[in-house]
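*Asks:* Quick one: the structure is below, and I'll ask about it shortly.
Bear in mind these aren't lab numbers, they're just calculated from the coordinates by the rules spelled out. Remember, predicted model here, so these are calculated numbers, not experimental data. Positions of Cβ are backbone-derived with ideal geometry, glycine not excepted, and every protein chain shown enters the neighbour counts.
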Amino acid sequence: MSDEDQVAGAAGDTGNVLQGTALGALLSGNGAAAGFSINYERVPQSIADLEHAADYLQAQAAVAQRLASIPAPGLDGVSLNAVAQIGKWASDSGANNLEANLLAGAKQLRDLAQKLRADLQTYLQVEELNIPNASPGLPLSDSGRSL
């Protein structure tokens, strides 16, 4: 199984956990139906926070990958087995390991940041359309009579 398939599998599993939650609804595009709204003035900071958290999870996934190749503290069976089990738990070929789950979490945070960025762009475009054009004033007749 490739690393991308591994991450995609873990992302799918993690997404199932979020089904029925506000975050799951937001990730699926049904935020308004879930009964909450977005304060668009705070969205840019939220996007930055989500991206920072995703970067952190990405860095921790690299730590998990390195954890999979630590040397055994001894040559006895217990030490060798412990290192093998830690390596499998940290980063193996399956989708249920620490590295894959951290990468899946980072992907979900980046996806959410991207959805918020798109929502903010749409909101700003709609707001721009709703701003009335400047006009010189009320139209007056040419005869100079006032209203």
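*Asks:* Can you list the GluC sites (Glu not before Pro) in region 38-118 that are in a DSSP coil and have 11 or fewer other beta carbons within 10 angstrom? Walk me through the intermediate numbers first.
*Replies:* Values: sites: Glu41, Glu51, Glu99; in loops: Glu41.
Listed in order of number, the matching sites are Glu41.
*Asks:* Okay, next question. If you stretched the chain out fully between His52 and Trp89, how much longer would it get, using 0.36 nm times the residue separation minus the C-alpha to C-alpha distance?
*Replies:* 10.8 nm
*Asks:* Once phi is turned into ³J(HN,Hα) by the Karplus curve 6.51 cos²θ - 1.76 cosθ + 1.60 with θ = phi - 60°, what whole-Hz value does each residue of region 103-119 show in order, with x for glycine and proline?
*Replies:* Taking θ as phi minus 60°, the curve returns 5, 5, x, 4, 5, 5, 5, 5, 4, 5, 4, 5, 5, 5, 4, 5, 4 Hz for region 103-119.
*Asks:* What does the net charge come to around Ile47 if you take all other residues with beta carbon closer than 14 Å to its beta carbon, with K and R at +1 and D and E at -1? The partial results should precede the final answer.
*Replies:* Numbers: positive: Arg42, Arg110, Lys115, Arg117; negative: Glu41, Asp49, Glu51, Asp55, Asp111, Asp119.
Summing Lys and Arg as +1 and Asp and Glu as -1 gives -2.
*Asks:* Order of 76-82, 86-92 by packing, highest average Cβ count within 10 Å first? Please list the in-between numbers first.
*Replies:* Working: 76-82: 11.4, 86-92: 17.3.
Most protected by this proxy first, the peptides run 86-92, 76-82.
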